[in-house]
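S.K.: This structure is in structure tokens; I'll ask about it shortly.
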Amino acid sequence: MNGTEPDDVGRADAAVDAAVDAAVDAAVAMTEIAFTLVGGIAESVAALWRQGDRVTREDLGVVATIVDPALTDPDGPIQGAGYVAGVDVLADTRWWLEWFARDPGGRPQRLVTQTDPAGMGFYDYEVLPWYVVPRQTGERHVTGPYVDYLCTEEHTLTFTAPVLLDGRFLGVAGADIPVPRAERMLLPALRRAGQRLAVVNRDGRVLVSNSGHHLPGDLVDEAAEGAAGLPWRRPVPGSPLAVVPLPGRG
């Protein structure tokens, strides 16, 4: 008999379903690592304002205490993390980043940026998606992949969430995972699918895929996927990510 037997089709579909489930589980694990850290930063920073409305840069030492274990874990995926203050919420400066990243030796170092609007090279984070989207939506956001020229010059994913206290926006807490580390967590499951798959963010940009035709940062054309008969989209619980099919097989 020519063609594919129904049992073969069923087994192939089951294999794809299992691979998709594994990819979702891997994405959940990755986002839980990032957002658990982000949530701890946000809660600790918000607690400073619960103790009194005058919070200064010196009070933000709690951030280093929280992020240091993640940054010194040699097997962990986090490259950078910290708190970015809402404009005018700190008592002693209008703009501020309490952000730390691994140096080449694996040691946490505080990121030094120009936070004076009148200074050369002022880092205006108010216009950047990882800050704007949580401020506007009050929700978690995943930005990227993008080239992080400020810290690592690598393709990076930035996981951010708003820091809120009684509805007041105090800034964002965030964590960075470089794309190569995300690939190590996600690619094994994606490669087992026998079908082209990608993990994408809310905007439809590819974080990781098993297709050489869909690279990190590429925008997935959902209309084209629909025309190819691949309309499904599997959300990743607890995050704005999803696993989606890509045209073609293998």
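The values are calculated or read from the model by the stated rules, or taken from the named source; none is laboratory data. If you're wondering where the values come from, they're calculated on a predicted model, not measured in any experiment. Heads up, the Cβs are rebuilt from the backbone with ideal geometry, glycines too, and the neighbour counts pull from every protein chain shown.
S.K.: Can you pull out the residues in the stretch 103-121 that are modelled with pLDDT of 85 or more and charged (D, E, K, R)?
M.R.: Within the stretch 103-121, D103, R107, R110 meet the criteria.
S.K.: Mind listing whichever residues of the stretch 123-150 are in contact (Cβ under 8 Å) with a residue 40 or more places away in the chain and either loosely packed, with under 13 Cβ neighbours inside 10 Å or in a helix (DSSP H, G or I) (or both)?
M.R.: Correct list: Y125, W130, Y131, R135, E139.
S.K.: Something else now. Before we move on, is V20 buried (at least 20 other Cβ atoms within 10 Å of the Cβ), closer than 23 Å to G144 by Cα and at pLDDT below 95? Give the steps one after another, and end with the answer.
M.R.: On the way: buried (at least 20 other Cβ atoms within 10 Å of the Cβ): yes; closer than 23 Å to G144 by Cα: yes; at pLDDT below 95: yes.
Judged against the criteria, V20 is a match.
S.K.: Ok, one more. For residues that are more than 25 Å from the chain's Cα centre (by Cα) and not aliphatic (A, V, I, L, M), scanning just the stretch 86-108, find the one that is surrounded by the fewest Cβ atoms within 10 Å (Cβ to Cβ).
M.R.: Among them, the one singled out is D88.
S.K.: Could you grab me the full set of residues in the stretch 60-101 that are in contact (Cβ under 8 Å) with a residue 60 or more places away in the chain and assigned to a loop (DSSP other than H, G, I, E, B)?
M.R.: Within the stretch 60-101, P77, I78, Q79, G86, V89 meet the criteria.
S.K.: Name the residues in the stretch 155-171 that are in contact (Cβ under 8 Å) with a residue 40 or more places away in the chain, over 19 Å from E98 (Cα atoms) and either hydroxyl-bearing (S, T, Y) or part of a loop (DSSP other than H, G, I, E, B) (or both), would you?
M.R.: If the condition is that a residue be in contact (Cβ under 8 Å) with a residue 40 or more places away in the chain, over 19 Å from E98 (Cα atoms) and either hydroxyl-bearing (S, T, Y) or part of a loop (DSSP other than H, G, I, E, B) (or both), then no residue fits.
S.K.: A further question on this structure: Hey, V55 hits all of (1) without any contact (Cβ under 8 Å) to a residue 12 or more places away in the chain; (2) more than 30 Å from V244 (Cβ to Cβ) but one; which does it fall short on?
M.R.: The one condition V55 does not meet is (1).
S.K.: Here is a further query. At pLDDT 85 or above and under 21 Å from D88 (Cβ atoms): does that describe T31? Spell out how you get there, then give the answer.
M.R.: On the way: at pLDDT 85 or above: yes; under 21 Å from D88 (Cβ atoms): no.
Judged against the criteria, T31 is not a match.
S.K.: Can you tell me which of E154, E98, E126 is over 23 Å from D218 (Cα atoms) and touching a strand residue (DSSP E or B) at 6+ places or on another chain (Cβ under 7 Å)?
M.R.: E98
S.K.: What single numbered condition from (1) hydrophobic (A, V, I, L, M, F, W, C); (2) in contact (Cβ under 8 Å) with a residue 24 or more places away in the chain; (3) within 16 Å of V243 (Cα to Cα) fails to hold for I177?
M.R.: It is condition (3) that I177 fails.
S.K.: Let me ask you something else. It is to be established whether one or more residues within the stretch 196-207 are small (G, A, S), modelled with pLDDT of 85 or more, touching a Lys or Arg at 6+ places or on another chain (Cβ under 8 Å) and surrounded by fewer than 17 Cβ atoms within 10 Å (Cβ to Cβ).
M.R.: no
S.K.: Restricting to the stretch 172-194, count the residues that are crowded, with 20+ Cβ neighbours inside 10 Å, over 12 Å from the mean Cα position of the chain (by Cα) and not in a strand (DSSP E or B).
M.R.: So the answer is 4.
S.K.: Given the options A193, A228, A175, name the one that is out of contact with any Cys (no Cβ under 9 Å at 6 or more places or on another chain) and modelled with pLDDT of 95 or more.
M.R.: A175
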